[in-house]
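For reference, the structure discussed in these notes is given below.
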Amino acid sequence: MLNFCIFLLSFAAMEGVAWFTHKYIMHGVLWSLHQSHHQPKKGFEKNDFFGIFFASIAIIFMAIGVSEYNYYFWIGLGITAYGAAYFIFHDVIVHQRMAAPFKTNNAYLKKIIRAHKLHHKGLSKEGGQYFGFLFIRKTK
């Protein structure tokens, strides 16, 4: 049960990490990488390096903890689960980087999709809104 709690806490904590990274790193000092995501494109974009970075961290945690399935493993698994959920939502559903038609009547999903699209209305580094994924404030 403790391992499952560590997994869930790690998954939830990634929302804060993602929000902070997106607002202050991606729209800050590493805008040169993230900017590609706010422009029309096809295929690989420089912004994809952020996903590779977070996946590497998760792999390291899981590799350290796999021999005993200790808390490092479960932290890595939580990061991985968050990354998978983010990929499905962000890359497949919202940006449709893979062909997968998606329609929903779910109010929560509609809200986070709308928030992400509002985030992309701005093409510049400044003035962005809605930097989170799972938890967002009320959309306009």
- request: Keeping to region 31-59, report how many residues are surrounded by 13 or more Cβ atoms within 10 Å (Cβ to Cβ) and small (G, A, S).
  value: 4
query: Do you know which of the residues in region 78-111 that are in contact with a Gly (Cβ under 9 Å, 6 or more places away or on another chain) and in a helix (DSSP H, G or I) is nearest to K42 (Cα to Cα)?
result: D91
- line: Going through region 50-79 in order, the residues found to be without any contact (Cβ under 8 Å) to a residue 60 or more places away in the chain and within 27 Å of R114 (Cβ to Cβ) are F50, G51, F54
message: Being aromatic (F, W, Y) and at pLDDT 90 or above: is that true of F44 here?
response: no
Output for region 112-140, where each listed residue is at pLDDT 70 or above, surrounded by fewer than 14 Cβ atoms within 10 Å (Cβ to Cβ) and farther than 20 Å from Q39 by Cβ: F135
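Out of N70, N105, report the one residue that is polar (S, T, N, Q) and surrounded by 13 or more Cβ atoms within 10 Å (Cβ to Cβ). Can you show your working first?
On the way: N105 fails: surrounded by 13 or more Cβ atoms within 10 Å (Cβ to Cβ).
Exactly one of N70, N105 is polar (S, T, N, Q) and surrounded by 13 or more Cβ atoms within 10 Å (Cβ to Cβ), namely N70.
The values are calculated or read from the model by the stated rules, or taken from the named source; none is laboratory data. Since the structure is predicted, the reported quantities are computational estimates derived from the model, not experimental observations. Every residue, glycine among them, receives a Cβ derived from its backbone with ideal geometry; neighbour counts consider all protein chains shown.
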